[in-house]
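The values are calculated or read from the model by the stated rules, or taken from the named source; none is laboratory data. What you see is a predicted model, and the numbers here were worked out from it, not measured in a lab. Here the Cβ is made from the backbone with ideal geometry for all residues, glycine too, and neighbour counts use every protein chain on show.
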């Protein structure tokens, strides 16, 4: 008897509606993360975000006037992330720089959720 392996198909980037109008969907794994090419397609919609060399995450650095302004931003990102159910790694550095890294941990790579949240953070 011949055995076949069924592999989850890679998600296709959804580009038909603005990322800010989409909603993050729960991801429990079982899907293939976006390839570098697929990530590049969506990255065009989120200027200033960089794809990691291994194409498993996107990141952006923000600069603020002072610590208070940076902390206000961090808290707004936290509220937004919680409402979307998708959470970035947040780093507050040198009192006025915030670095955000997004990745879908359940698939060890990038999904539509990362780009949706990035766009909403920038908005």
Considering residues that are part of a helix (DSSP H, G or I), free of Cβ contacts under 8 Å to residues at least 12 places away in the same chain and either in contact with a strand residue (DSSP E or B) (Cβ under 8 Å, 6 or more places away or on another chain) or farther than 17 Å from residue 20 by Cα (or both), the number found within the stretch 74-100 is 1
Answer with yes or no whether residue 67 is modelled with pLDDT of 95 or more, within 18 Å of residue 122 (Cβ to Cβ) and surrounded by 11 or more Cβ atoms within 10 Å (Cβ to Cβ). no
Single condition residue 47 does not satisfy, out of (1) surrounded by fewer than 16 Cβ atoms within 10 Å (Cβ to Cβ); (2) not in a loop (DSSP other than H, G, I, E, B): (2)
Across the stretch 33-44, the tally of residues that are assigned to a loop (DSSP other than H, G, I, E, B), out of contact with any helix residue (DSSP H, G or I) (no Cβ under 7 Å at 6 or more places or on another chain) and in contact (Cβ under 8 Å) with a residue 40 or more places away in the chain stands at 1
With respect to residue 56, is the statement that it is closer than 27 Å to residue 17 by Cα, in a loop (DSSP other than H, G, I, E, B) and touching a strand residue (DSSP E or B) at 6+ places or on another chain (Cβ under 6 Å) true? yes
Which residues, taken from the stretch 88-123, are touching a helix residue (DSSP H, G or I) at 6+ places or on another chain (Cβ under 6 Å), loosely packed, with under 14 Cβ neighbours inside 10 Å and within 16 Å of residue 29 (Cβ to Cβ)? none
Restrict the check to the stretch 59-70 and report whether at least one residue is under 23 Å from residue 27 (Cβ atoms) and assigned to a helix (DSSP H, G or I). no
Under the condition of being at pLDDT 85 or above and touching a strand residue (DSSP E or B) at 6+ places or on another chain (Cβ under 7 Å), which residue from the stretch 24-35 is surrounded by the fewest Cβ atoms within 10 Å (Cβ to Cβ)? 33
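Does residue 13 meet the test of being within 25 Å of residue 90 (Cβ to Cβ), touching a helix residue (DSSP H, G or I) at 6+ places or on another chain (Cβ under 7 Å), part of a loop (DSSP other than H, G, I, E, B) and at pLDDT 80 or above? Talk me through it step by step, then tell me what you get.
On the way: within 25 Å of residue 90 (Cβ to Cβ): yes; touching a helix residue (DSSP H, G or I) at 6+ places or on another chain (Cβ under 7 Å): yes; part of a loop (DSSP other than H, G, I, E, B): yes; at pLDDT 80 or above: no.
Considered against the rule, which asks whether it is within 25 Å of residue 90 (Cβ to Cβ), touching a helix residue (DSSP H, G or I) at 6+ places or on another chain (Cβ under 7 Å), part of a loop (DSSP other than H, G, I, E, B) and at pLDDT 80 or above, residue 13 comes out as no.
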